[in-house]
Amino acid sequence: MRPSDYPPPFSPSEFIAAPREPEIEVGVLIVGAGPAGLACAIRLGQLLEETPELAERLGEVPVAVLEKGKQPGSHLLSGAVVNPRSLRRLFKDRVPTHEMPFFGRVEHESVYFLTAKRAMRIPAPPTMRNSGNYAASLSQLGRWLAGQAEEVGAVILPETTGHKLLVGDGRVRGVKTGDKGRGRNGEELPNFVPGDEVQAKVTVLAEGTQGHLTGIALDRFALQGDNPQVWALGVKEVWKVAKPLGRVIHTMGWPLRPGAKYREFGGSFIYPMGEDMITIGMVVGLDYRDVELSVHDVLQELKTHPLVRKLVEGGERIAWGAKTIPEGGFLALPKRLHAPGLLIVGDGAGLVNVPALKGIHYAVESGRLAAEAAFSALQRGEAPGRRGALVGYDEALEQSFVWRDLKQVRNMRPAFGRGFWLGGAMAGAMTASRGNFPPGDASLEHDAEQELIRTDRAKRYPVPDGKLTFDKLSSVFLSGNQTRDDAPNHLRVRDRVPPEIAELWTRMCPAQVYEVGDDAGDGDVQVEVTPSNCVQCGAITAKGGRLTPPEGGSGPEYKLT
């Protein structure tokens with residue numbers, strides 16, 4: 001049995017519309033106020049400051065950024081230890097590194113292999129070394145970048161989703177934003193406000209992981225590469241603690257199982273956040289097979305280990321969140337990252353280096369390069385909707401360190417599909433050979449194509465005590481979730497499935513959105529959905545459902561993640 005056998009009621013054509021008379025016109029429209037989108041807005045602002053004639057031609061709003069959260073940063077979550085390379089290139093001498101919102105420079109780090117009771121320190125693999133990088137909160141970094149973008153003229157529109165892609169004459173012409181004020185069944189409430197058509201000369205999709213319009217564009221313009229994207233789910237907590245951590249910690253091994261039949265690839269991170277906070281997170285690949293696996297509960301289990309328990313003992317959990325991470329890397333990149341009138345950047349393009357646990361600086365660099373390609377295509381005598389007008393973005397990315405880094409580690413993630421020990425040995429050979437051994441490219445399978453098994457995995461999860469270990473609902477509350485209880489359901493799943501599929505979704509979801517319902521006959525059960533719990537992590541899209549845009553302003557209100 002595979003989740004892919006039960007596809008959701010969803011068609012990409014639902015989310016493509018022909019443009020009408022424009023309601024709002026902008027020069028460049030950026031969908032998503034994450035690091036890629038905001039870097040794009042900042043670089044465009046810098047370039048337009050130097051060319052006021054072009055800025056005037058682009059109209060009253062040369063650069064607009066749509067953000068689906070309450071504010072920039074509301075939906076941003078990462079570890080995070082940031083390589084500052086791309087931010088320094090973006091700002092040059094305008095903003096020194098010490099003025100960026102970092103908690104501090106990484107001076108010390110440790111990597112451990114865990115068993116249930118022991119922690120064995122091992123040498124840090126070359127890909128995981130972080131000396132000279134900086135600990136950060138991505139949500140805080142996002143809010144700071146938004147301020148920088150506004151300073152150079154970008155207009156940021158919060159609580160606004162990109163719902164449909166406007167396509168006319170074979171090119172992207174902007175987006176239709178989502179309605180607000182509809183009830184659970186789609187009916188118009190007294191505060192109903194219809195979405196607007198926002199038309200632009202260039203549209204940049206910077207939606208991040210599991211980007212809705214990104215998926216629509218990949219399908220509409222046949223941009224998919226040779227391999228499907230694969231995903232991991234990360235769940236993290238922020239703790240207020242009495243003693244500063246002073247180092248970056250990564251772990252592998254327990255509580256995940258090493259056997260190839262489980263396909264449990266992942267590990268944990270523990271990062272300092274100044275003198276009185278730390279963040280603890282667990283990341284697990286979504287190609288796992290056991291219906292009883294729950295990343296949220298594996299994180300709770302991790303905290304019972306002596307190494308981790310002593311770090312948080314006496315502390316207080318003050319934040320929680322969850323997000324998917326694209327893990328396909330170089331192998332899963334689209335064959336093109338542009339189409340007429342369109343550019344795709346950041347996590348939406350899959351620019352994540354899984355062995356190095358890095359993606360933020362790739363997102364920033366891709367946003368910067370996209371801005372420069374858009375700027376070139378907007379010059380007199382050029383037309384950004386012309387086929388090939390934006391190919392300079394792909395060419396610049398292919399010449400960048402982003403491309404080189406991803407190519408070197410391209411085969412590491414699929415190697416771990418053979419189990420921890422064999423995968424680790426193969427990864428070592430790939431590191432030593434800079435990706436030249438073994439030659440060629442591995443292949444990837446959709447996460448939803450993995451055949452399911454059932455074990456007694458759930459028996460190992462600790463009972464939540466509200467001090468060290470916590471249940472899912474109290475965690476959702478800590479995310480600051482803003483979703484109305486009567487908001488329309490933005491999650492597409494089959495409402496009748498075999499019990500194994502229903503349990504898979506129930507266990508997988510970190511926010512307790514899905515529950516196994518009543519017997520539906522013929523061996524199936526009902527799937528009960530509580531969309532107001534959703535923190536928009538995107539895991540359901542990887543495992544047989546589909547996340548679509550919720551109402552703007554709904555979802556988590558992350559402040560420290």
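The values are calculated or read from the model by the stated rules, or taken from the named source; none is laboratory data. Just so it is clear, the structure is predicted and the values come from calculations on it, not from any experiment. Cβ placement follows ideal geometry from the backbone for every residue including glycine, while neighbour counts extend to all protein chains displayed. Remember, those area values only see protein heavy atoms, side chains included, never the ligands or the DNA or RNA. Shrake-Rupley method; radii C 1.70, N 1.55, O 1.52, S 1.80 Å.
Annotations
- Full extension of the chain segment joining ARG57 with ARG454 gains 136.8 nm, where the gain is 0.36 nm per residue of separation less the Cα-Cα distance.
- When Rg and the Kirkwood Rh are both derived from Cα coordinates, the Rg/Rh ratio for segment 180-271 amounts to 1.13.
- Å² of accessible area per residue within segment 88-158, as computed with a 1.4 Å probe and no ligands counted: 53
- Dividing the mean sequence gap of close Cα pairs (under 8 Å, 6+ apart) by how many residues segment 416-561 holds gives a relative contact order of 24 percent.
- If you bin all the Cα-Cα distances of segment 242-374 at 5 Å, starting from zero, the percentages per bin are 2, 8, 16, 17, 16, 14, 11, 8, 5, 2, 1, 0.
- Farthest positive-ward along segment 199-330 dipole, Cα basis, beta-carbon charges - from VAL204, THR304, TRP320: THR304
- On full extension, the segment bounded by ASN436 and ASP5 gains 151.5 nm, given 0.36 nm per residue less the C-alpha separation.
- Heavy-atom accessible area ranking, 1.4 Å probe, most first, across TRP320, TRP231, TRP421: TRP421, TRP231, TRP320
- Rolling a 1.4 angstrom probe over the chain with all protein chains present gives an accessible area of which 49% lies on carbon and sulfur atoms.
- Set of aspartates and glutamates near LYS70 by C-alpha distance (under 14 Å), chain-local residues within fewer than 8 positions excluded: GLU159, GLU551, GLU557
- In summary, the aspartates and glutamates within cross-link reach of LYS358, defined as a Cα separation below 12 angstrom excluding same-chain residues under 8 places away, comprise GLU327, ASP347, ASP405.
- Here's how it looks for ILE16: its modeled amide H is under 5 Å from those of LEU165, which are all 5 or more places away or on a different chain.
- Gyration tensor over the Cα atoms of segment 514-561: the corresponding equivalent ellipsoid has semi-axes (square roots of 5 times the eigenvalues, largest first) of 27, 12, 10 Å.
- The residues of segment 280-396 present an accessible area of 26 Å² per residue when probed at 1.4 Å with all protein chains retained.
- Scaling the Cα radius of gyration of segment 448-561 by the globular reference 2.2 N^0.38 Å produces a ratio of 1.13.
- Over the chain, the reciprocal of the mean inverse Cα-Cα separation, the Kirkwood hydrodynamic radius, stands at 23.8 Å.
- The number of Lys pairs in segment 198-312 with C-alpha atoms less than 20 Å apart, excluding pairs fewer than 8 positions apart on the same chain, is 6.
- Counting only aspartates and glutamates at least 8 places from LYS467 when in the same chain, those with an alpha carbon closer than 16 Å to its own are GLU237, ASP297, GLU301, GLU313, GLU316.
- Exposure of SER74 as accessible area (Å², to 10), given a probe of 1.4 Å and all protein chains: 0
- If you sort HIS108, HIS163 by accessible surface, 1.4 Å probe, largest first, the order is HIS108, HIS163.
- Counting only DSSP beta bridges whose two residues both lie in the chain, roughly 70 percent are antiparallel.
- Value in Å of the Kirkwood radius, where segment 381-447 supplies the Cα pairs that are averaged: 14.2
- In the context of the full set of protein chains, residues of segment 474-561 present 35 Å² of accessible surface per residue (probe radius 1.4 Å, heavy atoms only).
- Estimated 222 nm signal from helices in the chain, with DSSP H stretches of n ≥ 4 weighted -39500 (n - 2.57), rounded to 500: -7000 deg cm²/dmol
- Phi-based couplings in Hz for segment 535-545 (Karplus 6.51, -1.76, 1.60; Gly and Pro marked x): 9, 6, 6, x, 4, 4, 5, 6, 10, x, x
- Alpha carbon Rg of segment 1-136, scaled by the compact-globule rule 2.2 N^0.38 Å: 1.55
- Net charge in the neighbourhood of VAL230 (other residues with Cβ under 9 Å of its Cβ; Lys, Arg +1, Asp, Glu -1) is -3.
- A convex hull fitted around the alpha carbon atoms of segment 292-366 yields 163 Å³ per residue.
- Projecting label points 7 angstrom from Cα along Cα→Cβ for GLU99 and GLU23 puts them 3.9 nm apart.
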